[in-house]
Amino acid sequence: MATLLHLDASARSRSISREVSAAFADSWRLEHPGAGYVYRDLAADPVPFIDAGWTEICDAVLAAGATDLDRLATLVRTPAQAAAWRIVEPLLTELLAADTVLIGTPMYNYSIPASLKAWLDQVTFPRMSLAPRRFVVATARGGAYSPGTPKAALDYQESYLRDFFAGHFAVTDTVFINAELANSRQDPALSRLRGEHDASYARAVDTARGLGKEY
Ligand SMILES: Cc1cc2nc3c(=O)[nH]c(=O)nc-3n(C[C@H](O)[C@H](O)[C@H](O)COP(=O)(O)O)c2cc1C
């Protein structure tokens, strides 16, 4: 059964990245009636930061060359590791059950929010692969970072997620849908860019809706 795991990470409850990810999720769900759909709000219900127990399990994974979930469970030895595993195991099971992973995320400080990084740290272990799962990332950012813009090199949000998913998850075809220039909604100094933002936002919602149908 097709299953979509939908994550949102904005600290705002009404947010642009949430709207764009919802556009994808809504049309995906219409196309896949009865399919699996799991929603996790990483801001409202944050996962804890990893602790020593999880690092010890990761070290044991490296030593054992383990790559699957069942082998990971056999490497848990101490009470601290068992406590870490109780957090990781349901998150990993949820991730591995999905064939499409949809992430709505704001740009914070040129990168991703700590809530999303905390989730990534929890679900990532050495030598794992998430191929052939598909990832779709809906971002919102205050400025513009598209190729050719002055701040393009400062986009550590898309570049980080793209490189990490490819390098560590073996997922090389992540699709990014970016709504740019969001700060023009609040910042009077950027109000001249409001039209460009509106167009970028409308494009993002449209693209998300269209992709949700295709996936
Ligand atoms: C803590 C914080 C840090 C931010 N850092 C950046 C940044 O580095 N670059 C940028 O272009 N916009 C930045 N912004 C603006 C957000 O990316 C923008 O408000 C976007 O709409 C947030 O996504 P959301 O609407 O889904 O919450 C920041 C906003 C906040 C609240």
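Points to keep in mind about this one:
- Charged-residue dipole, Cβ positions (Lys, Arg, Asp, Glu), the chain about Cα centre, Debye nearest 20: 360 debye
- Calculation over all alpha carbon pairs of region 1-127 in 10 angstrom steps from 0 returns a P(r) of 12, 38, 31, 17, 2 percent.
- Mean separation of Cα pairs under 8 Å and 6 or more residues apart, divided by the residue count, gives the chain a relative contact order of 28 percent.
- Separation between Cα centres of region 155-205 and region 51-78, rounded to whole Å: 35 Å
- Relative packing of peptides 116-122, 77-83, 99-105, 198-204 - highest average C-beta neighbours within 10 Å first: 99-105, 116-122, 198-204, 77-83
- Its DSSP H runs of at least 4 residues, each contributing -39,500 (n - 2.57), put the calculated 222 nm mean residue ellipticity of the chain at -14500 deg cm²/dmol, to the nearest 500.
- Rounded to two decimals, the Cα-based Rg/Rh of region 96-215, with Kirkwood Rh, is 0.99.
- Percent accessible area from carbon and sulfur atoms, region 159-212, protein chains only, probe 1.4 Å: 51 percent
- Principal axis box of region 1-68, alpha-carbon based, largest edge first, Å: 44, 32, 14
- Long-range Cα-Cα pairs in the chain (distance over 30 Å), rounded percent: 26 percent
The values are calculated or read from the model by the stated rules, or taken from the named source; none is laboratory data. Given the structure is predicted, the values throughout are model-derived calculations rather than measurements. Cβ coordinates were reconstructed from backbone atoms using ideal geometry, including for glycine residues, and neighbour counts include every protein chain displayed. Heads up: the accessible areas ignore ligands, DNA and RNA and are worked out on the full protein's heavy atoms, side chains in. Shrake-Rupley method; radii C 1.70, N 1.55, O 1.52, S 1.80 Å.
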